[in-house]
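Read the figures in this text as sums done on the coordinates, not as results from a lab. Computed from a prediction, not measured in an experiment: that's the story for all the values here. Backbone-built Cβ (ideal geometry, glycine too); neighbour counts: all protein chains shown.
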Amino acid sequence: MAKKQSIEEGREFNPKFDKNGLIPAIAQDAKTGKVLMMAYMNRESLDLTIQTGCAVYFSRTRRKLWKKGEESGHIQKVQQILVDCDQDCLLLKVTVDAGQCHTGYQSCFYRALKKGSRKTPLETEKKSHRTLESPIGKVISNGVKLKFIAKKAFNPAKVYKKGKSGSINSP
């Protein structure tokens, strides 16, 4: 079996970590199907997740392992780990008790782009007389508004310890 076919259709788990040794991992509520969060795993956090049955991620900002719920108590019990076709992204089906986002929401995806809150990129291009060489990021984010689509599940100030700077300790 060719290597690509082996990865895409074989029975061997060969996760493809990026150049930094990380692989994206999406956590999904096993009961509701709701996407809870996206984080990264390194080899060690993936191994610990498989061994313990509790989600462990790698915090890029803190540069260390992070067991989901170690501060809040809102752990993720892993029911199943799925891997995409080319094994460079994981989906963890988890059971959870309360909010999963450090901001207090059940999901980290608690805001959506508000429809009609900006002109289309083409209209923006015409009105601003930008050239094709202009960064597309400026066009896409120009005037985009967000709307909240969820209510908080818990009060993060009561759950997390305040850091020296007054910010909440989070991933």
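Projecting label points 7 angstrom from Cα along Cα→Cβ for ASN155 and GLU12 puts them 5.4 nm apart. Pairs to check: LYS114/LYS152; LYS4/LYS93; LYS19/LYS64; LYS115/LYS147. Give those whose C-alpha atoms are more than 21 Å from each other in this structure. Beyond 21 Å: LYS4/LYS93. Can you compute the modelled spin-label distance between ALA112 and THR61, with each label point 7 Å from Cα toward Cβ, in nm? Going by the 7 Å Cα→Cβ label model, 2.6 nm.
Loop-located trypsin sites (Lys or Arg not before Pro) in region 1-85 (DSSP state not H, G, I, E or B) with no more than 12 neighbouring Cβ atoms inside 10 Å: ARG11, LYS16, LYS19, LYS31, ARG62, ARG63. For ILE75, ILE23, the sequence from fewest to most other C-beta atoms within 10 Å is ILE75, ILE23. Net charge in the neighbourhood of SER107 (other residues with Cβ under 12 Å of its Cβ; Lys, Arg +1, Asp, Glu -1) is +3.
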